[in-house]
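The values are calculated or read from the model by the stated rules, or taken from the named source; none is laboratory data. Remember, it's a predicted structure, so these values are computed and weren't measured experimentally. Cβ placement follows ideal geometry from the backbone for every residue including glycine, while neighbour counts extend to all protein chains displayed. Heads up: the accessible areas ignore ligands, DNA and RNA and are worked out on the full protein's heavy atoms, side chains in. Shrake-Rupley method; radii C 1.70, N 1.55, O 1.52, S 1.80 Å.
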Amino acid sequence: TCAPTDNELRFTCHVVLDAPAEVELAFGRADGTGSVRVHPGAGVALEHDVGTWFMAPETTYDIEARLAGGAPGSGVTTQVTTGAPPSTVGARITVSGTSSTPYVGTSLPCTSGMAVATVFDTATGEQVWYQVMDANGSFGGFNMIQFTEDHTVLGQTGDTIAEVSLAGDPLLDLPYTEDFHHDLFRRHGKTWILFRENVGGVQLDGFVVWDAQGEELYRWREADALVVPVDARGDWSHANTVFVDEDESVILSLYTQHTVLRVSPAGEVMWVMDSAGGGALGNDYTFDWTRVDGADLFTRQHATTLRADGRLQMLDNDRGRGLILSLDETAHTAVVESSFSAGQSACGPQGTTIDTAAGNTLVGCSGPALREYATGPDPVFSSSLVCDNGTAPGGGGPGPTGSVRWYPLDGW
């Protein structure tokens with residue numbers, strides 16, 4: 001039997017067996033279109049409760065409960081029909097072309113004063129998942145969201161670090177009073193969170209690392225690790241992205257300095273990258289820009305991360321383009337291999353440049369639009385977010401600020 005939950009796009013199915021065993025749920029649209037998802041139960045048991053998600057609104061689904069690994073049709077079936085999300089959290093994306101990722105996730109920019117995460121089907125444009133992560137919080141340029149390697153959703157909502165499972169179960173709900181801002185990242189069960197502090201009248205940045213329970217493990221401070229000029233003023237570095245590699249070294253993007261840093265797990269600055277040459281921290285890299293058109297520099301970069309193949313990627317916000325750089329971290333050379341337009345001559349706060357499992361690149365400024373590129377100059381897929389309540393999901397300013405970053409959800 002499958003019962004609705006308090007979320008119109010999710011059900012919980014109760015399975016009772018004659019003898020303890022492992023089970024799985026297989027579910028797909030009753031009209032036969034789209035893919036069939038398989039969700040496993042939790043180990044060997046006589047009774048199982050298994051959730052369903054990534055279901056389209058107002059759609060009938062066939063659900064089969066069967067023994068784990070069983071053939072289609074070997075179990076017991078039932079039908080459910082999803083409802084429509086409230087207009088305050090309902091949305092869709094227009095789609096053109098074919099994406100290499102089945103789903104994309106983002107923060108929902110349709111309602112002010114509420115931190116909402118959402119997922120869309122890239123084939124149909126339908127909203128297939130949403131979660132109100134903080135009814136009195138917000139997501140935006142300074143309060144970031146991440147779809148994690150653990151297949152959970154993690155975010156800063158203004159005064160809370162919140163995390164939920166795809167079933168909607170709360171995993172973290174930790175209030176904070178520090179000036180956490182802009183970005184956070186999950187790796188190996190730990191969470192890296194950017195923070196800002198006032199040091200002698202200058203705003204400096206750093207990151208704190210939490211364990212799975214939200215207990216602080218250590219923190220890294222610019223005031224300790226960098227030589228800050230004596231004439232530094234105001235928001236001196238404005239760190240806007242934190243990315244953690246498999247070895248737990250950290251990539252930091254410093255907006256005001258137009259600079260990218262790599263920090264070792266021990267907290268030492270491994271290298272400094274400044275293509276514009278105007279930052280206060282110097283530059284360790286020689287660049288080759290001959291493979292791409294446009295200006296031979298990046299400035300006010302965001303979404304600075306490493307791809308699965310080890311190459312560096314970023315959104316060059318002042319030129320509205322995603323860049324991919326191949327690095328030799330010993331010789332300190334950087335070859336700019338690709339440039340992909342976000343569709344605007346310049347981007348506002350945050351934005352997206354990220355790789356899919358197929359090796360394609362998603363690029364977008366803050367706002368409703370997203371593009372996907374393979375290797376050519378033209379996008380293979382494009383989309384734009386539309387709010388059910390008629391709100392225009394813009395790219396900055398007060399109120400809803402657009403989807404500030406998108407995530408490909410391969411294997412979810």
Inset, instruction - Just name one of Ala135, Phe195, Ala225: the one whose Cα is farthest towards the positive end of the charge dipole of segment 128-242 (beta-carbon charges, Lys/Arg +1, Asp/Glu -1). - result: Ala225
Inset, instruction - Using only Cα atoms, locate the centre of segment 357-371 and the centre of segment 1-44, then give the distance between them in Å, rounded to an integer. - result: 32 Å
Legend entry - Net charge contributed by nearby residues that have their C-beta within less than 12 Å of Thr118 (K/R +1, D/E -1): -2
Inset, instruction - Roll a 1.4 angstrom probe over the protein heavy atoms and tell me the percent of accessible area of segment 244-313 that is carbon or sulfur. - result: 43 percent
Inset, instruction - First compute the accessible area of segment 5-119 with a 1.4 Å probe, then give the percent of it belonging to carbon and sulfur atoms. - result: 53 percent
Legend entry - Cα centre as origin, Lys/Arg/Asp/Glu Cβ charges: the chain dipole, Debye: 900 debye
Legend entry - Accessible area (Å², 1.4 Å probe, nearest 10) - Met114: 40 Å²
Inset, instruction - Rounded to the nearest 500, what is the 222 nm mean residue ellipticity of the chain from helices alone, with -39500 (n - 2.57) per DSSP H run of 4+ residues and division by all residues? - result: 0 deg cm²/dmol
Inset, instruction - Averaging over all projection directions, find the projected area of the Cα convex hull of segment 100-254 and quote it in nm² with one decimal place. - result: 10.4 nm²
Inset, instruction - Calculate the length of the line joining the C-alpha centroid of segment 172-212 to that of segment 142-170, in whole Å. - result: 14 Å
Inset, instruction - Could you please state, rounded to a whole Å, how far the C-alpha centre of segment 279-293 is from the C-alpha centre of segment 221-245? - result: 20 Å
Legend entry - Neighbourhood charge, 13 Å Cβ-Cβ cut-off, centred on Val242 and excluding it, Lys, Arg +1 and Asp, Glu -1: +2
Inset, instruction - Please work out which option in (1) 20.6, 69; (2) 22.5, 68; (3) 22.2, 75 gives Rg and Dmax of the Cα atoms in Å calculated from these coordinates, and answer with its label. - result: (3)
Legend entry - For Val128, residues with placed amide H under 5 Å, excluding near neighbours: Val119, Phe120, Asp121
Legend entry - Accessible area per residue, Å², the chain with all protein chains present, probe 1.4 Å: 40 Å²
Legend entry - Formal net charge of residues neighbouring Trp289 (Cβ-Cβ distance under 14 Å; K, R +1; D, E -1): -2
Inset, instruction - With a Förster radius of 41 Å, plug the Cβ-Cβ distance of Ala84 and Val16 into 1/(1 + (r/R0)^6) and report the FRET value to the nearest 0.05. - result: 0.85
Inset, instruction - Would you look at the GNM of the chain, springs on alpha carbons closer than 10 Å, and say which of Leu297, Leu217, Leu252 moves the most? - result: Leu217
